[in-house]
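Accompanying notes for the structure given below.
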Amino acid sequence: MILLCPHCGNRDHAEFSYRREAAPAPTIDAGEKAWFDYIYLRRNEKGAHRELWQHTAGCRAYFVVVRDTATNSMIAAAALAEAPAITATTAAQAVQ
Ligand SMILES: [Zn+2]
């Protein structure tokens, strides 16, 4: 699989490390269950999935990837500062 680092361009997936689902964090007062779900539970959905990756063998930057879990293809990538504009929904609409 080829991943697009927003800073370095296309690179082999071996240069990258998956970090976690890029779900929005709960508010500080959301409660123990909301934080437990955020830290430990994954949705594992089929289709467009928003994830946090790090280019560990390159620039070491963290960035957001929208990946199709059914085909394992990368739909979109953005630096963290630009990531709020990319969601699983908008990325899925872009490929249709
Ligand atoms: Zn990079």
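Computed from the coordinates by the stated procedures, all read-outs in this text should not be read as laboratory data. Please read these numbers as outputs of a predicted model, since none were measured by experiment. Using ideal geometry, Cβ is built from the backbone for each residue, glycine included, and neighbour counts are taken over all protein chains shown.
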TODO: For A77, enumerate residues with amide H under 5 Å from its amide H, sequence gap 5+ or separate chain, H modeled in the peptide plane.
DONE: V66
Task: Relative contact order computed over the chain (Cα-Cα under 8 Å; 6+ residues apart), in percent - done: 26
TODO: Using only Cα positions of the chain, each an equal point scatterer, no hydration layer, compute I(q)/I(0) via Debye at q = 0.10, 0.17 Å⁻¹ and quote the log10 values to two decimals.
DONE: -0.27, -0.76
Task: Simple Cβ-charge dipole of the chain, Lys/Arg +1 and Asp/Glu -1, about Cα centre, in debye nearest 20 - done: 120
- [ ] Would you mind giving the average projected area, over all directions, of the Cα convex hull of region 45-86 in nm² with one decimal?
- [x] 3.1
- [ ] Name the residues whose placed amide hydrogens come within less than 5 Å of the amide hydrogen of A48, ignoring near sequence neighbours (fewer than 5 apart) on the same chain.
- [x] T69
Open item on the list: I'd like the Karplus ³J(HN,Hα) series for region 39-54: coefficients 6.51, -1.76, 1.60, θ = phi - 60°, whole numbers in Hz, and an x wherever there's a Gly or Pro.
Closed with: 7, 10, 9, 10, 7, 6, 7, 8, x, 5, 9, 8, 9, 9, 10, 10
